[in-house]
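Here the structure is laid out as structure tokens; the discussion comes afterwards.
The values are calculated or read from the model by the stated rules, or taken from the named source; none is laboratory data. Note that the coordinates shown come from a computational prediction; the quantities given were computed from them, not determined experimentally. Here the Cβ positions follow ideal geometry from the backbone for every residue, glycine too, while neighbour counts run over all protein chains shown.
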Amino acid sequence: MKVLAIHGSLRRDSFTGRLARAAGAVAGDGIEIENYENLGEIPGFNEDLETEGLPPAVEDLRARLAGSDALLIVTPEYNASAPGALKNAIDWASRPHGNSALAGLPTAIVSASPMPFGAIWANEQIRKAFTITGTPTVERELAIGKIDGKLGEGDTISDPEVEEQLGMLLTELGDLAETVREAEAGALDPTAA
């Protein structure tokens, strides 16, 4: 299963970027994680550009989503909500109406913050947006507080509990992707009862 991981911070050495890159080490067998690092290249959403031709960065994002079996969002929280760049990418990916790159794409959401609540409001905001975009989302909410003390050198996780929780979330994402695949196969099979 190929998972596209998008982290919401534009900062070069952000906690969420490091956590997204560390996810590959805790993913189970058969899960390959590709990290999307071009969030800052996506221009502000402009509906006029839907008819004039999508910007190249948007085309790239949509192609990467289309080439993935699942999506992993790793978000920080700014002013009690999701970062604007991440929400902007979701807006672009969900449009144009009737041609969303997010519809039916199994997704898991992780939020993380140096604060104790682990960016739970950003987590909930992204989850709410995905109910509108038709994006099936893993039920488990993973909000990691005090992330600054739970990452090791480079792109590693030093906290065994966080490592275990992230591993379980990725396993559940794999299960959700399988459920979605089976449902789609049944819907396409005219002989299915």
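For the range 14-25, check the following and say yes or no: at least one residue is surrounded by 20 or more Cβ atoms within 10 Å (Cβ to Cβ), touching a residue at least 24 places away in the same chain (Cβ under 8 Å) and not in a helix (DSSP H, G or I).
No, that holds for no residue.
Go over the candidates Leu142, Leu151, Leu173 one by one and state the one that is crowded, with 17+ Cβ neighbours inside 10 Å, touching a Phe, Trp or Tyr at 6+ places or on another chain (Cβ under 8 Å) and in contact (Cβ under 8 Å) with a residue 24 or more places away in the chain.
Leu151
Looking at the range 26-44, which of its residues are crowded, with 17+ Cβ neighbours inside 10 Å and not β-branched (Val, Ile, Thr)? Don't jump to the end; show me each part of the working.
At the first step, the residues of the range 26-44 found to be crowded, with 17+ Cβ neighbours inside 10 Å are 26-27, 31, 33, 35-36, 39, 42.
Answer for the range 26-44, where residues must be crowded, with 17+ Cβ neighbours inside 10 Å and not β-branched (Val, Ile, Thr): Ala27, Asn35, Tyr36, Leu39.
Test each condition in (1) under 24 Å from Lys2 (Cβ atoms); (2) of a type in the set (Asp, Glu); (3) in contact (Cβ under 8 Å) with a residue 12 or more places away in the chain for Glu182 and report the one that comes out false.
That leaves (3) as the condition not met.
Quick check on my filter: what residues within the range 48-73 are exposed (fewer than 11 other Cβ atoms within 10 Å of the Cβ) and not in a helix (DSSP H, G or I)?
Selection gives Gly53, Gly67.
Quick one: how many residues across the range 111-139 are β-branched (Val, Ile, Thr), closer than 24 Å to Pro55 by Cβ and either within 12 Å of the chain's Cα centre (by Cα) or buried (at least 23 other Cβ atoms within 10 Å of the Cβ) (or both)?
Final tally of qualifying residues: 2.
Taking the stated definitions as given, is Gly186 surrounded by 12 or more Cβ atoms within 10 Å (Cβ to Cβ) and over 13 Å from the mean Cα position of the chain (by Cα)?
no
Please verify whether Ala108 is surrounded by 17 or more Cβ atoms within 10 Å (Cβ to Cβ), touching a residue at least 60 places away in the same chain (Cβ under 8 Å) and in a helix (DSSP H, G or I), treating the condition exactly as stated.
No.
So if I check each of Asn88, Asn99, Asn35, which one is in a strand (DSSP E or B) and out of contact with any Ser or Thr (no Cβ under 8 Å at 6 or more places or on another chain)?
Asn35 is the lone residue from the list that is in a strand (DSSP E or B) and out of contact with any Ser or Thr (no Cβ under 8 Å at 6 or more places or on another chain).
Is there a residue being more than 22 Å from Leu151 (Cα to Cα), crowded, with 18+ Cβ neighbours inside 10 Å, at pLDDT below 95 and touching a helix residue (DSSP H, G or I) at 6+ places or on another chain (Cβ under 7 Å) anywhere in the range 74-96?
The answer is yes; a qualifying residue exists.
Is the range 111-128 home to any residue that is touching a Leu at 6+ places or on another chain (Cβ under 6 Å) and either free of Cβ contacts under 8 Å to residues at least 24 places away in the same chain or under 22 Å from Arg21 (Cβ atoms) (or both)? Please lay out each step first, then the result.
Filtering the range 111-128 down to residues touching a Leu at 6+ places or on another chain (Cβ under 6 Å) leaves 112.
Filter once more, keeping what is either free of Cβ contacts under 8 Å to residues at least 24 places away in the same chain or under 22 Å from Arg21 (Cβ atoms) (or both): 112.
The answer is yes; a qualifying residue exists.
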